[in-house]
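The values are calculated or read from the model by the stated rules, or taken from the named source; none is laboratory data. What you see is a predicted model; the values in this text were computed from it and never measured. Glycine also receives a Cβ, built like all others from the backbone with ideal geometry; neighbour counts cover every protein chain displayed.
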Amino acid sequence: MEKVTFKYQYQIEVAGNLFVPRNLDRNTKNAAMVVGHPMGAVKEQSANLYATKMAEQGFVTLSLDLSFWGESAGEPRNAVAPDIYTEDFSAGVDFLRTQSFVDTERIGALGICGSGSFVISAAKIDPRIKAVATVSMYDMGGATRNGLGHSVTPDQRKAALARAAAQRDVEFTGGPTEYTGGTPEQLTDQSSPIEREWLSDPLMSDLREPDRRNAVPHIGFGLRRQDLREKALRAARILQKLLGIDRARIIDVAFTDDERGPAIVVTLEPHASVRSRCPHCEQRCPGYDRPNRPRQWRHLDMGGMRCFVRASVSRIRCPDHGVVTEMVPWARPAANMTRAFDDNVAWLAAHSPATSVCEYARVAWRSVTRIVTRVVGDAVGRTDRLQGLRRLGIDEIAYRKGHRYLTVVVDHDTGRLVWAAEGHNESTLNRFFDELGEERTARLTHISADAAKWIASTVRSRAPQVKRCMDPFHVIQWMTRALDRLRSRVLSRLWGFTDRDRRHLRWALLKNVENLNPAQISVRAKILEDRNSELCRGYVMKEQLQHVYSGSKKRASARLRAWRQMAQDSRIPELVGLAKSIARYRREILNAIEYDLSNARVEANNTHLRSLTKRSYGFRSPEALIAMATLTRGGACPALPQR
């Protein structure tokens with residue numbers, strides 16, 4: 001910010017603050033704007049705030065004191081002269097047009113409150129102002145003439161003009177200046193309800209006085225005396241509400257600036273009720289030592305700036321957890337971010353790509369991974385995800401190259417991921433049943449899975465009472481693979497098929513009829529012409545196996561038995577081998593049909609896990625992937641802070 005002054009055609013010197021974007025290239029032409037303050041205020045208040053924010057958006061901004069106000073010249077002080085105020089905005093444009101880094105064809109003006117009407121008047125007569133914006137604008141002339149709600153009558157207006165004319169005579173002969181009424185300094189019997197509300201609300205008092213020359217009560221912006229302690233307490237309560245932190249009091253607020261930009265640092269003191277408590281068990285413990293430097297936690301951004309919470313905390317000796325830093329109500333144990341920041345980043349990570357999360361939160365992806373692990377650990381520690389399980393789906397998924405697998409367990413009733421661990425063998429699945437416990441294992445009724453032997457043997461030994469269901473997708477997949485092997489074997493012996501037909505042959509066999517395109521439909525018709533060919537019989541057997549699942553449940557057993565007999569009698573090697581697999585898993589296949597259970601929910605979770613891996617450019621550890629999966633599919637995603 002740079003303080004500037006300039007004169008205009010009335011030879012009144014106007015004072016302003018020039019704001020230039022941090023990384024502005026002064027060899028280029030940039031858009032600019034003039035910012036005017038509310039009536040009765042000065043540039044160091046709201047005008048500077050808007051100018052700062054617009055400079056952060058890349059504009060060159062000039063906040064100015066209107067003539068007769070603040071640091072600008074003009075007598076008498078605090079005079080109300082709308083035509084001269086209009087000239088102030090044009091004078092601001094004059095100044096900006098002389099700056100080498102300002103584009104003279106892209107200059108606008110912003111008026112706040114009373115200045116909103118002045119900036120519109122300036123734009124009407126000054127074509128150099130290319131754009132206008134107002135904030136809380138009001139018509140000062142109309143408000144003065146008509147009063148609030150058009151309450152001023154014509155007689156009252158004439159009386160006011162008569163008093164003003166009489167006052168001119170007084171001041172011309174050297175009498176005292178009389179100011180027009182604004183906000184009152186004290187209540188009287190004649191005070192209106194609005195004046196009484198004004199004086200009763202502490203928020204209406206000023207919290208700072210940037211220019212004492214402007215601190216007069218006659219225009220009405222609440223610049224009256226009030227106990228500073230009451231003001232500070234009120235401001236602290238407002239700030240604490242904005243922070244969203246309870247069980248602590250604000251000690252200090254400071255603004256800092258480093259290579260990453262401006263930041264707000266709020267110093268807190270935890271309430272006595274939460275001091276000297278273990279962050280894990282919340283047990284009050286004896287002190288161990290007190291570090292010399294206060295700790296700092298990253299909090300949610302405020303006003304586009306990074307925000308940090310700072311506090312002096314001690315270390316304590318917990319009989320269960322050893323020497324730890326005492327609990328603070330705004331952060332999780334051993335975290336350097338507040339709970340609100342953790343929850344915000346975790347929610348974003350569950351709904352957005354990794355690069356977007358890092359850019360928005362201004363943290364590294366490794367920090368996001370640690371935050372997700374912390375949030376998930378907190379959620380898992382507060383809830384028992386294994387409680388109330390009845391029907392489960394078990395599967396494996398490869399999460400990295402080199403045969404790196406995860407075992408996942410999904411609750412069929414809720415669709416949630418309830419357990420995951422690295423590995424795909426009996427010992428891995430036994431760990432799940434160990435965590436589940438014998439009592440809850442005994443309550444399980446159904447488990448769906450593929451034909452993996454390690455799943456079947458573990459379930460058979462740990463939960464013998466459950467109905468094991470073979471995933472229908474895998475059974476049909478066995479059939480389509482057998483049919484594809486049959487196609488490869490007889491392809492060279494096919495007659496009457498063109499090269500184009502042969503290209504469409506594979507998908508004509510494997511796809512459902514309703515999904516075939518015209519070329520594939522033509523090839524299918526040719527296959528069915530020769531009813532005795534191995535390829536035709538194999539295709540018909542595929543359709544019949546699908547009908548076992550789609551037909552009546554009561555006749556499913558008979559249909560499956562008949563299909564198996566036909567496959568064995570077909571003398572087609574691929575189908576004879578498949579019939580043996582069907583016979584081996586006959587009971588599990590019929591259970592899936594009877595109870596209408598498949599691994600569809602499990603496969604949906606696996607698809608989501610693959611998407612997570614791609615979206616996050618891979619995970620270096622299975623723990624990070626499991627934490628992210630639990631966040632997104634396990635019900636551990638927190639709500640957005642203060643929602």
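From the list I264, I250, which one is more than 26 Å from the chain's Cα centre (by Cα), surrounded by 14 or more Cβ atoms within 10 Å (Cβ to Cβ) and part of a strand (DSSP E or B)? Please lay out each step first, then the result.
Numbers: I264 fails: more than 26 Å from the chain's Cα centre (by Cα).
Checking each option against the conditions leaves just I250.
Before we move on, is V323 among the aliphatic types (A, V, I, L, M), touching a strand residue (DSSP E or B) at 6+ places or on another chain (Cβ under 6 Å), surrounded by fewer than 15 Cβ atoms within 10 Å (Cβ to Cβ) and not assigned by TED's automatic domain parsing to the domain that holds H424?
On the way: among the aliphatic types (A, V, I, L, M): yes; touching a strand residue (DSSP E or B) at 6+ places or on another chain (Cβ under 6 Å): yes; surrounded by fewer than 15 Cβ atoms within 10 Å (Cβ to Cβ): yes; not assigned by TED's automatic domain parsing to the domain that holds H424: yes.
Judged against the criteria, V323 is a match.
I'd like to check something: does the range 408-415 contain any residue that is surrounded by fewer than 20 Cβ atoms within 10 Å (Cβ to Cβ), part of a helix (DSSP H, G or I), free of Cβ contacts under 8 Å to residues at least 40 places away in the same chain and of a type in the set (D, E)?
Going through the range 408-415, the residues surrounded by fewer than 20 Cβ atoms within 10 Å (Cβ to Cβ) turn out to be 413-415.
Pick out the ones that are also part of a helix (DSSP H, G or I) and you get none.
Within the range 408-415, not a single residue is surrounded by fewer than 20 Cβ atoms within 10 Å (Cβ to Cβ), part of a helix (DSSP H, G or I), free of Cβ contacts under 8 Å to residues at least 40 places away in the same chain and of a type in the set (D, E).
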In the range 474-512, what count of residues is obtained for those that are assigned to a helix (DSSP H, G or I), of a type outside the set (D, E, K, R) and closer than 21 Å to S570 by Cα?
-> 15
Residue check: is T177 within 22 Å of P82 (Cβ to Cβ), modelled with pLDDT of 75 or more and in a loop (DSSP other than H, G, I, E, B)?
-> yes
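Hey, can you tell me all the residues within the range 38-63 that are in a strand (DSSP E or B) and either aliphatic (A, V, I, L, M) or farther than 17 Å from A15 by Cβ (or both)?
At the first step, the residues of the range 38-63 found to be in a strand (DSSP E or B) are 60-63.
Correct list: V60, L62.
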So G111 clears everything in (1) in contact (Cβ under 8 Å) with a residue 40 or more places away in the chain; (2) assigned to a helix (DSSP H, G or I) except one condition, right? Which one?
-> (2)
Please find, among L486, L545, L491, L535, the residue that is among the hydrophobic types (A, V, I, L, M, F, W, C) and modelled with pLDDT under 90.
-> L491
Looking only at the range 1-23, and only at residues there that are under 35 Å from the mean Cα position of the chain (by Cα) and exposed (fewer than 14 other Cβ atoms within 10 Å of the Cβ), the one that is nearest to D88 (Cα to Cα) = M1
Answer yes or no: is there a residue in the range 35-53 that is loosely packed, with under 15 Cβ neighbours inside 10 Å and over 34 Å from the mean Cα position of the chain (by Cα).
-> no
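To keep it simple, each residue is scored yes or no on (1) β-branched (V, I, T); (2) more than 18 Å from M541 (Cα to Cα); (3) buried (at least 17 other Cβ atoms within 10 Å of the Cβ).
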| position | (1), (2), (3) |
| --- | --- |
| L486 | no, no, yes |
| V490 | yes, no, no |
| R493 | no, yes, no |
| R502 | no, yes, no |
| A508 | no, no, yes |
| N512 | no, no, no |
| N515 | no, yes, no |
| P518 | no, yes, no |
| V523 | yes, no, yes |
Criterion (within 30 Å of G437 (Cα to Cα) and without any contact (Cβ under 8 Å) to a residue 40 or more places away in the chain) met by exactly one of Q477, Q465 = Q465
Search the range 513-543 for residues being touching an Asp or Glu at 6+ places or on another chain (Cβ under 9 Å) and either of a type in the set (G, A, S) or in a loop (DSSP other than H, G, I, E, B) (or both), and hand back the single one that is farthest from V490 (Cα to Cα).
-> A519
Scan the range 271-310 for residues that are among the hydrophobic types (A, V, I, L, M, F, W, C), surrounded by 14 or more Cβ atoms within 10 Å (Cβ to Cβ) and more than 15 Å from P333 (Cβ to Cβ) and jot them down.
-> L300, M302, M305, C307, F308, V309
With respect to the numbered conditions (1) of a type outside the set (A, V, I, L, M, F, W, C); (2) over 30 Å from E56 (Cβ atoms); (3) part of a strand (DSSP E or B), which one is the sole condition not fulfilled by Q387?
-> (3)
Name every residue in the range 57-69 that is crowded, with 17+ Cβ neighbours inside 10 Å and under 30 Å from the mean Cα position of the chain (by Cα), in order of residue number.
-> F59
